[in-house]
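Coordinate-derived values only; no laboratory data. Computed from a predicted structure; not experimentally measured. So basically every Cβ, Gly included, is an ideal-geometry build from the backbone, and we count neighbours across all protein chains shown.
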Amino acid sequence: MAAEQRYPGADCDVVVIGAGIAGLRCASVLQERGLAVTVWEAADAIGGRIRTDVVDGYRCDHGFQVLNPAYPELSRAVDVSSLTMQPFEAGVVLRDKERTRVWAHPLRSPGRLPRMVSSAGLGVRELWALARWAAPALRARGLTAPTHDDSLYAALERARVHGLSRRVLDQFIAGVVLDDRGMTSNAFILLLVRMFALGVPGLPADGMQALPQAIAAPIADRIELRRTVSHLRRDGSGWEVSDGHDVLRTRHVVVATDPRTAESLAGVPAPHMKGVVTDWWAADAPLPGPAMLWVDARPKPSGPLVNTSVISKAAPSYAPAGRHLVAASALLGPGSEPPSTSAMQSHAGDILGADSSRWSLITRHVIPEALPVQPPPLRVRRSLDLGDGLWVCGDHRDTASIQGALVSGRRVAEAIAVSS
């Protein structure tokens, strides 16, 4: 191959370090373009931050995650139908003082509209303020290249979004981007709002792990696990990649690891990361309400959660027959201790209006570095080419999302294919 002609004795054209979805997407596109690729992954399984534990027949993803089929890059990367998606109902349930309210997508759940209008708890002024804030989501181009961007907090203040609607937005968005201070880019939040309007998030039948497995299927024989790269060394016109035991010689190296590892291997400054803790419980009795995300919209929430949901209502494959699976998440600040399981369990039951005392904890996932920050102004295309055949990709180089990770992996692969 052309790359081997420029670098005699190379073991492959490209070494991808990291088998998260960015690295897997990069490697799959490289193979499609006819390049010889090897993927080294330090862990004992692929997927990076997207993992699913199966415990006593329950599927528990690492951190509460959902997959939005409206992400444009998703259908380019996998056959979405092969994932057997199980969608949530389009909307959110909010606990407001002594009652619950359902805010449903008016076009996807028209049957809920009359009751929602009568019981939503929103007046004309609040609806107008929400519409004023969300209107830019109709213009995708203006969001990906914003002429002006501010924090979510500043944008909501400017639009005068207050009261119940503000509390719901604050809680819902905090659970999505893991930021309860409103410091995330408003343009990025509006991009997510656009995706929620275009598609209904759900869960694959085999858990979120099914996504990296689907991306990896065409390159399974090119992936080596338990390969922790100890150093990279420039060697003439190529690179040597070593795990302390073996050495690969290659023309290109793609660092597709977590941000901190990328910083140590390639010198790319790591962004600040946001953490989350998610608890999963088994319940014997059915739980009330729709298959939606639930949030505590009271002026003073009764516990630490940003959201909870009866996962098995939307995704029956996540629980054994006749059993029910509840998940709940709380934010985890830098250096802070996670809330107690009892506090999270009590708050989840309070939000859902259910007796949680008999739920049994299945597992807990404490993830201190779950998502990179996405501050204003929004930058959706950070540099991936570090020079001399060294590249970097991941959600910290695009948008902090599955969409961003997939796009960054493809961008690197296409750039390498052009240069080879």
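Distant-in-sequence amide contacts of Leu386, defined by a placed amide H-H separation under 5 Å and a gap of 5 or more residues or a different chain, comprise Trp391, Val392.
The calculated Kirkwood hydrodynamic radius for segment 292-336 is 12.2 Å, given to one decimal from all distinct C-alpha pairs.
Gyration tensor analysis over the Cα atoms of segment 44-98 returns equivalent ellipsoid semi-axes of 25, 20, 11 Å (largest first, whole Å). Please work out whether the chain counts as rounded, prolate or oblate from its C-alpha gyration tensor, where a ≥ b ≥ c are the square roots of the eigenvalues and a/c under 1.5 means rounded, while otherwise a/b larger than b/c means prolate and anything else oblate? Cα axes put the chain in the prolate bin.
In this structure the amide hydrogen of Gln86, modeled in the peptide plane, comes within under 5 Å of the amide hydrogens of Leu203, Ala205, none closer than 5 places in sequence on its chain. Note the angle between two axes, namely the Cα long axis of helix 186-198 and the longest principal axis of the Cα atoms of the chain, as a number of degrees from 0 to 90, rounded to the nearest 10. Once rounded, one gets 80 degrees. Rounded to the nearest 0.05, the FRET efficiency derived from the C-beta distance between Arg99 and Arg234 at R0 = 56 Å is 0.30.
Length available on full extension from His148 to His162: 0.36 nm per residue minus the Cα-Cα distance, which gives 2.8 nm. The simple Förster model, with R0 at 41 Å and r as the Cβ-Cβ distance, assigns Arg33 and Arg364 a FRET efficiency of 0.45. Each of His252, His148 has some number of other Cβ atoms within 10 Å of its Cβ, and from fewest to most they run His148, His252. Between Thr341 and Ser82, the simple spin-label model (points 7 angstrom out along Cα→Cβ) gives 3.7 nm.
Once the convex hull of the C-alpha atoms of segment 220-287 is built, how many Å³ does it hold per residue, rounded to a whole number? Per residue, the Cα convex hull of segment 220-287 comes to 179 Å³. Taking amide H atoms as placed 1.01 Å from N in the peptide plane, the amide H of Thr100 has no partner under 5 Å among residues 5 or more positions away or on other chains.
Dividing the radius of gyration of the alpha carbons in segment 180-328 by their Kirkwood radius gives 1.07 for Rg/Rh. Pairs of C-alpha atoms in segment 249-389 farther apart than 22 Å represent 52 percent of all such pairs. When the chain is treated as a Gaussian network with alpha carbon springs shorter than 10 Å, the biggest mean-square fluctuation among Ser357, Ser346, Ser151 belongs to Ser357. Here each label is just a point 7 Å from Cα along the line to Cβ, and for Arg181 and Val247 those points are 4.6 nm apart. DSSP assigns beta bridges within the chain; of those with both partners inside it, close to 70 percent run antiparallel.
The stretch between Arg382 and Arg139 holds 85.3 nm of extra length on full extension. This uses 0.36 nm per residue minus the Cα-Cα distance. Net length available on complete extension from Val54 to Ala217 is 56.6 nm, with 0.36 nm assigned per residue and the Cα-Cα distance removed. Helix 341-352 and the long axis of the chain differ in direction by around 50°, with both axes built from C-alpha atoms. Per the Cα gyration tensor, segment 271-317 maps to an equivalent ellipsoid with semi-axes of 23, 16, 10 Å, ordered largest to smallest.
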